[in-house]
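Have a look at the structure below, then the notes.
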Amino acid sequence: MTAVSPEVANVYVRKKTGIRWSRVALHVFLFAMAVVWLFPLLYALYTSLRPYADTARLGYVSIGGSYNFGNYEKAFTDGNLPSYFLNTLIVVVPAVFLTLLLASMAAFVLSRYSWRFNLLFLMLFTAGNLLPPQVIITPLFRMFLLLPLPSPSILSDNGLWYDQYFGVIAIHVAFQLGFCTFVLSNYMKTLPQEMVEAAVVDGASVFQIYRKVMMPLVRPAFAALVVLETTWVYNDFFWALLLMKSGEKMPITSALNNLKGAFFVDNNLVAAGAIIVALPTMIVFFAAQKQFISGLTLGSTKG
Amino acid sequence: MTADVSGSAAPTPPGVGAAPASKKKRRSLLLTRRDKWILALLLGIPAAVHIFLVWVPTLASVALSFTSWNGIGGLDRIKFVGIDNYRVLITTYPPFWPAIQHNLIWLGVFLFIATPLGIFLAVLLDKEIRGTRFYQGALYLPVVLSLAIIGFIAQLFLSTDQGLVNGVLGAFGVKPVDWLGNSSLNLWVILIFASWRQVGYVMILYLAGLKGVDPTLREAAKVDGATEVQTFFRVVFPVMKPINIVVLVITVIESLRAFDLAFIINRGTNGLELLSTLVTNNIIGEASRIGFGSAIAVVLLVVAVGPIVFYLSRTLREEAR
């Protein structure tokens, strides 16, 4: 250090603190953004813990009064949330399972076998996934009113696709197939050829290769897609809004509306409902952040 | 670039994908008749489901848009009316042009504010910093929320009597503003909440792309004395082209898909008209005008086809080779 002239040392110090300040500024900025981004949810949480009478007296921009889970209890019982959660479950589980099953079948063929219409199918699936749903809803709505199903049965209680879990599951599967096929076929292309070729040499049939060789290998992609698709199907309320009529069959995302009275809105109760409905996806996100993000990025980047 | 990898032990890189043609041919010769049936079924079943429920209705939308049908009575009541629906749509249907304008505003806000902000945050988060997981998680959280929930949270902030914004403004003596009911304000305020979600979505996609950029490129730029801003615009941004395309397409498509927030707030009326809400209101309303609703859907389809084709031609190009 003694060898360095004061001038140079000065420059050196200034530069060093300059770097440090830019780091501090970066953290301050990112922290501020994070706070702004979390604020709406934190505010919803805060409001949901306050009784309506307190906020009516003190105003929403206030501290004080009591804090409790009264709104949550009320939302659960008055809003009948458990039964709507069940409705969502009835749709989400089969929809995600069938989507992944069918997508893995298509992706297996498209990624592994020379097929004359390979590119055409991949385009069809991908384009279908990108379409705004409103493009298809008018005829779809009519189709669901015309298409028969055996009734009464587990599939339908009115003999139609309309107003049935079956119909909502079917449209979710059809729409999400595009994305999942695209992701899975990209993933399958990155897998080593050797295992498949070894199986071919051993005389394995195509179906055995799909079932015994391919399925275990694509498990990481499945994990990512399960997380992502579960969130998406859970969050949807558009298809149910369009294709369901019976209020008691609606998914949890639509049930939020029931918490609003016809003439009077209790914001505290609505906030509690919003937090309850958001909780499952937030838990999934925090537990499986890695899968969530890798699922999204698998779809956007090749391989 | 990638050399011929056939026969080598290295895993096949993406893009190169399938093995060379000679190899393919050899493999297809090994397929038995039964195998071919299985392959046809494995692809045929998912394709049938997808085509039947997505592409058949798409084509039906186009066909129905030239007809008049109120949905009552059988299919034989459908009457061909030529381009009447489109003529009415463009000339006399009041919410059509506002809807187009609102979709464009939506696109503009996403394209010029939300998406660049998401990219900017991704670039910042790409630096080695402490607590990056916290920052990422916070910014990304809105993306996992249902738009139904975001709609309700928007109401917690914006409702006239109980909303937070008016509560704060009231403390400064500002009279309550009807944010969601005022047709020249409501679109802009719900766009804040739509952007709340979009920023995180773009951020995470872009961040993943940035992680894939060869670090030696940045080092070389640094050695050459480039500033960080120069490095990003001259070096990183160009090599990120595939991700830039994805982000651009997602931005456009998400603006065309805009629906949920507007529909939750007021069913997409009074300042919140969007193409998507017009279609929906024409079929689940009291009067179901199927031909007319389909014509609006076709307008949406035509606008969406551009970015979709652009995306397909870019991402699937190497498969065609």
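The values are calculated or read from the model by the stated rules, or taken from the named source; none is laboratory data. Fair warning: this is a prediction, and the values are worked out from it, not measured in the lab. No Cβ is skipped: glycine too gets one built from the backbone with ideal geometry, and neighbour counts run over all protein chains shown.
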Self-check item: Residues located in the stretch B:275-289, provided they are surrounded by 22 or more Cβ atoms within 10 Å (Cβ to Cβ) and either over 15 Å from B:TRP106 (Cβ atoms) or more than 9 Å from chain A (Cβ to nearest Cβ) (or both)
Solution: B:VAL279, B:THR280, B:ASN282, B:ILE283
Practice problem: Determine the pairs where a residue that is assigned by TED's automatic domain parsing to the domain that holds B:ASP214 and in contact (Cβ under 8 Å) with a residue 12 or more places away in the chain, located within the stretch B:121-138, has a partner that is of a type in the set (S, T, N, Q) and in a helix (DSSP H, G or I) with Cβ atoms under 7 Å apart, the partner being 6 or more residues away or on another chain. | Solution: B:LEU125/B:THR132; B:LEU125/B:GLN136
Quiz item: In the stretch A:220-256, which residue that is of a type in the set (Ser, Thr, Tyr) and in a helix (DSSP H, G or I) is nearest to the chain's Cα centre (by Cα)?
Solution: A:THR231
Quiz item: Out of all the residues in the stretch A:83-96, is one or more within 11 Å of another protein chain (Cβ to nearest Cβ) and assigned to a helix (DSSP H, G or I)?
Solution: yes
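Quick check: is even one residue across the stretch A:85-94 assigned by TED's automatic domain parsing to the domain that holds A:ALA271 and more than 28 Å from A:ASP236 (Cβ to Cβ)?
Residues of the stretch A:85-94 assigned by TED's automatic domain parsing to the domain that holds A:ALA271: A:85-94.
Keeping just the survivors that are more than 28 Å from A:ASP236 (Cβ to Cβ) gives none.
Taking every residue of the stretch A:85-94 in turn, none turns out to be assigned by TED's automatic domain parsing to the domain that holds A:ALA271 and more than 28 Å from A:ASP236 (Cβ to Cβ).
Is there a residue in the stretch A:31-51 that is at pLDDT below 85 and either outside any loop (DSSP other than H, G, I, E, B) or within 30 Å of B:PHE134 (Cβ to Cβ) (or both)?
Filtering the stretch A:31-51 down to residues at pLDDT below 85 leaves none.
Checked against the condition, which is being at pLDDT below 85 and either outside any loop (DSSP other than H, G, I, E, B) or within 30 Å of B:PHE134 (Cβ to Cβ) (or both), the stretch A:31-51 yields no hits at all.
Each row is one residue, and each column tells you yes or no for (1) more than 26 Å from A:LEU45 (Cβ to Cβ); (2) in contact (Cβ under 8 Å) with a residue 12 or more places away in the chain.
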site: B:GLY163; (1), (2): no, yes
site: B:LEU180; (1), (2): no, yes
site: B:ILE190; (1), (2): no, yes
site: B:GLY209; (1), (2): yes, yes
site: B:PRO238; (1), (2): yes, no
site: B:THR251; (1), (2): yes, yes
site: B:ARG257; (1), (2): yes, yes
Quiz item: Which condition does A:PHE69 not pass, out of (1) at pLDDT below 95; (2) at the interface with chain B (Cβ under 7 Å from one of its Cβ atoms), if it passes all the others?
Solution: (2)
Practice problem: Only residues that are among the hydrophobic types (A, V, I, L, M, F, W, C), in contact (Cβ under 8 Å) with a residue 40 or more places away in the chain and outside any helix (DSSP H, G or I): list them for the stretch B:44-77, please. | Solution: B:PHE66, B:TRP69
Exercise. Pairs only if they're at least six apart or on different chains, beta carbon under 8 angstrom, first in the stretch A:136-159 and within 14 Å of chain B (Cβ to nearest Cβ) and of a type in the set (Lys, Arg), second part of a loop (DSSP other than H, G, I, E, B) and crowded, with 16+ Cβ neighbours inside 10 Å; list them, first residue then second.
Key: A:ARG142/B:GLY71
Exercise. For residues that are under 21 Å from B:LEU64 (Cβ atoms), out of contact with any Phe, Trp or Tyr (no Cβ under 6 Å at 6 or more places or on another chain), part of a helix (DSSP H, G or I) and hydrophobic (A, V, I, L, M, F, W, C), tally how many sit in the stretch A:135-169.
Key: 6
